[in-house]
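Values in this text are rule-based calculations from the coordinates and carry no lab data. Keep in mind the model is a prediction, meaning the values are calculated, not measured. Positions of Cβ are generated from backbone atoms using ideal geometry, with glycine treated the same way; all protein chains shown enter the neighbour counts.
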Amino acid sequence: MSALALLGGTRTKTKAFPTWPQYDDTERENLLEVLESRKWWRTEGTKTKQFEQDFAAYQQAAYGIAITNGTHALEVALAGIGIRPGDEVIVPNSTFVATASSVLFTGALPVLVDVEADSFNLDPDAVEAAITERTKAIIVVHLGGMAANMDRLLEITKRHGLKLIEDSAHAHGSEWRGQKIGALGTAGTFSFQSSKTITAGEGGIIISNDAAFERMARSVHDSGRLPGEWFYSHYNSGSNYRLSEWQGAILLAQLARLDDQTGRRNRNGLLLDQLLGDIDGITPQLRRPENTRNGHYAYIFHYDRTKFANVPTARFIEAIKAEGIPNQATYPPLHKLDVFQSGAYKQRLSGDQASATPSFLSQPFPNSEKSYAEAVWIPQYALLGDEADMHEIASAILKIQSHARDLC
């Protein structure tokens, strides 16, 4: 093998990965149709309503509520299940900040718990240990698109009388036991931000099979209105979280490609599991037999520096990027973020929650810390390539391993 590209050698990857986002004339035609209709507003338009129905049906859910973005989808979902100041909601410590900030937005306390060392998803044992009389709900994140252990989590929520929200921002098209995720609990939320596997730049959706929840969440997202009632009647505390017709038009076109693209990402992810699993020091994210399909917002693996001449993770990532393999930053553990370290999160709380420091902030989070320090993420668009692309990813890592001492 030639010298590392980072040190002046030839890149392993010469053919470019597919670009993202992808679009064609379908998006153009849908947008032009909205433009010429002069119905640019979700309330009188048709595109966003159609997308709600079609996306919910694709995810095997009865109801869909299109939302301005994935963060707002979490906020509306929490309001829809009745989370109030003084409540507690359990969330994983390894996730994007919105999973926790959405809880703070309701005035409740996000209780951070550790993740599993091998799947990087919410640890059911840690969840059970964190439940108190104030716990009202759990938010599970399907990290990278890999569904968390839903059997355990659903059993825990049922036994303790809790609500379960699936933060599915990474998991469009992912499955657990052949069932699409998102409506396995009370509700699921999705994001359509630009890096997601279906995108309108921004946007989100809530899906559910619970009619009572859907009615409340839809009211919250539309200024407290109720379907079928006079426009200026407002029955609940809500705000304007409506998605525009422009984004609905884009998302309808994107949805038509999602299943094919998800299938390709899933197949390439399984191939990478085989190829990278044979490299000493590289351990792919745990995929349980129940993970029947992974939508793969990212391909995630654990990097053991001791098998690479003790090259730090950051240096390994530099090298892999130089070889032409893209990288996506991992999430820092929530408990290490300034908003929690400085106490700024308490500005959203009241009563004893605003004055006391929760015990979880002084507890260890070994798996979250390890995930941040040693996990490597390859972004989803790389998995839209062909089998040769996957082999080149593996070849790049093997090349780095064989020249690892040159990086020291």
Original post:
Under a point spin-label approximation (7 Å from Cα along Cα-to-Cβ), what is the V97-T10 distance to one decimal in nm?
Top reply: 4.5
Original post:
Considering amide H positions built from the backbone, and no H for Pro or chain starts, which residues 5 or more places from T330, or on another chain, come under 5 Å of its amide H?
Top reply: none
Subject >> Sparsely packed GluC sites (Glu not before Pro) within the stretch 208-291, loop by DSSP, other Cβ within 10 Å at most 11 >> reply: E229
Original post:
Which value, in debye to the nearest 20, describes the size of the charge dipole of the chain about its Cα centre when Lys and Arg Cβ atoms bear +1, Asp and Glu Cβ atoms bear -1, and nothing else is charged?
Top reply: 340
**OP:** Rounded to the nearest 0.05, what FRET efficiency do N327 and R267 give with R0 = 25 Å and r taken as the Cβ-Cβ distance? Could you check?
**Re:** 0.70
**OP:** Could you work out how far helix 211-221 tilts from the main Cα principal axis of the chain, as a 0 to 90 degree angle to the nearest 10?
**Re:** 90
**OP:** Holding the Cα-Cα limit at 32 Å, pick out from K196/K321; K49/K180; K39/K158; K163/K336; K163/K321 the pairs that are longer than that.
**Re:** K39/K158; K163/K321
Original post:
Per residue of the chain, what 222 nm ellipticity follows from adding -39500 (n - 2.57) for every DSSP H run with n ≥ 4, rounded to the nearest 500?
Top reply: -11000 deg cm²/dmol
Original post:
HN-Hα J couplings of the stretch 191-203 from phi, Karplus 6.51/-1.76/1.60, θ = phi - 60°, integer Hz, Gly and Pro as x?
Top reply: 10, 10, 4, 4, 8, 6, 6, 9, 9, 10, x, 9, x
Subject >> Whole-Hz couplings from phi, Karplus 6.51/-1.76/1.60, listed for the stretch 398-408; x for Gly and Pro >> reply: 4, 4, 4, 4, 6, 10, 4, 5, 5, 8, 7
Subject >> Separation in nanometres of the label points that stand 7 Å from Cα toward Cβ, at R215 and D260 >> reply: 4.1
Subject >> Fully extended contour minus Cα-Cα distance, from R287 to Q274, at 0.36 nm per residue >> reply: 3.5 nm
Original post:
Taking the DSSP beta bridges in the stretch 25-254 as the whole, what percent of them are antiparallel, to the nearest 5?
Top reply: 45
Original post:
Restricting attention to the stretch 221-297, which trypsin sites (Lys or Arg not before Pro) occupy a DSSP loop and are surrounded by at most 10 other Cβ atoms within 10 Å?
Top reply: none
**OP:** Hey, can you grab everything whose amide H is under 5 Å from the amide H of S223? Only 5+ residues off in sequence or another chain; H modelled, so Pro and N-termini drop out.
**Re:** S239, N240, Y241
**OP:** With just the Cα atoms of the chain, tell me how far they stretch along each of the three principal axes, in Å, largest first.
**Re:** 71, 56, 37
Original post:
If R0 is 25 Å, what FRET efficiency do you get for S395 and Q179 from their C-beta distance, rounded to 0.05?
Top reply: 0.10
Subject >> Label point distance in nm, K158-S195, each placed 7 Å from Cα along Cα→Cβ >> reply: 3.6
Original post:
Check L109: other-chain or 5+ apart residues with amide H under 5 Å from its amide H, H built from backbone geometry?
Top reply: G86, D87, E88, V89
Original post:
Which whole number in µm²/s is D for the stretch 25-254 by Stokes-Einstein, with the Kirkwood Rh taken over Cα pairs at 25 °C and 0.890 mPa s?
Top reply: 139
Subject >> In degrees, nearest ten, helix 47-58 long axis to first principal axis of the chain (Cα) >> reply: 60
Original post:
With the Cα gyration tensor of the stretch 1-148 giving a ≥ b ≥ c as the square roots of its eigenvalues, does the rule (a/c under 1.5 for rounded; else a/b larger than b/c for prolate; else oblate) give rounded, prolate or oblate?
Top reply: oblate
Subject >> In the stretch 18-63, the chymotrypsin sites (Phe, Trp or Tyr not before Pro) that fall in loop regions by DSSP, at most 16 other Cβ within 10 Å >> reply: Y23, W40, W41
**OP:** Identify all aspartates and glutamates with a Cα-Cα distance to K346 below 18 Å; exclude those on the same chain that are fewer than 8 residues away in sequence.
**Re:** E75, D87, E88, D338
Subject >> Karplus-derived HN-Hα couplings along the stretch 287-295 (A = 6.51, B = -1.76, C = 1.60, θ = phi - 60°), whole Hz, x at Gly and Pro >> reply: 10, 6, x, 6, 7, 6, 7, 10, x
